[in-house]
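One structure is given here, and the rest of the page talks about it.
The values are calculated or read from the model by the stated rules, or taken from the named source; none is laboratory data. Keep in mind it's a predicted model, so treat the numbers as computed, not measured. Here Cβ is always computed from backbone atoms with ideal geometry, including for glycine, and neighbour counts include all displayed protein chains. Calculation scope for accessible area: heavy atoms of the full protein, side chains included, ligands and nucleic acids excluded. Shrake-Rupley method; radii C 1.70, N 1.55, O 1.52, S 1.80 Å.
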Amino acid sequence: MSRLASELHRLRRSPWEVLCSALVSCGLVLFSQLAVAIVPRLLPSISLLAMLPVAGLVFLAAILVGRFWRRFIGVAASAPLFVLFNVLFLWGVYLFVIRRDTSSLLDMLINAECALLLWGLYRILSGDPGIVAYESSFLEEAGCKDFVDAICSSEKYPSLSRVRHCNCCKANVRGYDHHCPAFGNCIGQKNHRLFMALLTGFVVAESTYTMCSTKYITSCITSGTLRTENHLSLNMVIGTMLFSVLQVIWQVVFLIWHVYGICFNIRTDEWINWKKYPEFQMKEQPQSDFEVKFVNPYDKGMLCNIREFLKPK
């Protein structure tokens, strides 16, 4: 607990820094969402499918402009706050524009999904991913220059099995998968299941929002109110729908990868940096040099791997 407390103290910022970062994050969300909403305004004759790649490029350009602008103001946006304000922005567009054309059941569903996303963001941002504490005497006994060196030799120390070092947090996390900037925390053994639930929740909530916004646009077309509808509101609905579809596309790919990793008991960091960890290396000696091949010693079969994910030791 003392190690975790020291890590949190190191990452803590002053209230003024947090406020400035929150304002910059909020401004970046408004700027990027308005930039995407301009796409249907400038290109009203093309289909929504054709607008999708254009909206993606516009959104990326807006983010790059925001990152460039921070050099002048000296304050960087916060990735978790950026995610939070995007959720609140889409929820606001739904409540003030789309909601009137939504059924009661669907209205309850999307409101519950947004509330759960906010709760999940708080839990994963404030939770412990599985930080491992250690004493300096351990390094002396192990004969390692630092804890990272001990982790790379974890075959000698069973207590350090699958403990990895996060360069972003400067922390050692058991079951480390990756550092998630969007959620502001490492993903490790203690919050991996919450991460998967939250990622699935984002896919479901954004898909629900896309369905509601599509129904709203269709209702405007069929009822003949498309021309009399407020252009800003309509463009905002189309823009946020395009944003949601883009988010769902990459999040589904990301979710598929993590499901694969769970089924075969492999972490993202281990897959990318397997040559750093001796337990993943199988050496074969052909006629000349040693050839190192990848082998996963933690793969116990799909059912056992899924059981281990659901109930880690």
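Here is how the numbers come out for the structure above:
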| read-out | value |
| --- | --- |
| Cut-off 10 Å between beta-carbons: net charge of the residues surrounding N273, Lys and Arg +1, Asp and Glu -1 | +2 |
| Amide hydrogen neighbours beyond the local backbone of N185, cut-off 5 Å, H modeled | C180 |
| With DNA, RNA and ligands ignored, accessible area of D299 (1.4 Å probe; Å², nearest 10) | 70 Å² |
| Where E17, E113 fall by accessible area, highest first, once all protein chains stay in place (1.4 Å) | E17, E113 |
| Ranking by accessible area, most exposed first, for S219, S126 with a 1.4 Å probe | S126, S219 |
| Segment 167-270: trypsin sites (Lys or Arg not before Pro) falling in loop per DSSP and having at most 13 other Cβ within 10 Å | K170, R227 |
| ³J(HN,Hα) computed for each position of segment 178-185 - Karplus, 6.51 cos²θ - 1.76 cosθ + 1.60, integer Hz, glycine/proline x | 6, 8, 9, x, 5, 9, x, 7 |
| Subset of K170/K313; K190/K293; K170/K276 violating a 26 Å alpha-carbon distance limit | K190/K293 |
| Sequence-distant residues sharing a close amide H with Q281 (under 5 Å, placed H) | V295 |
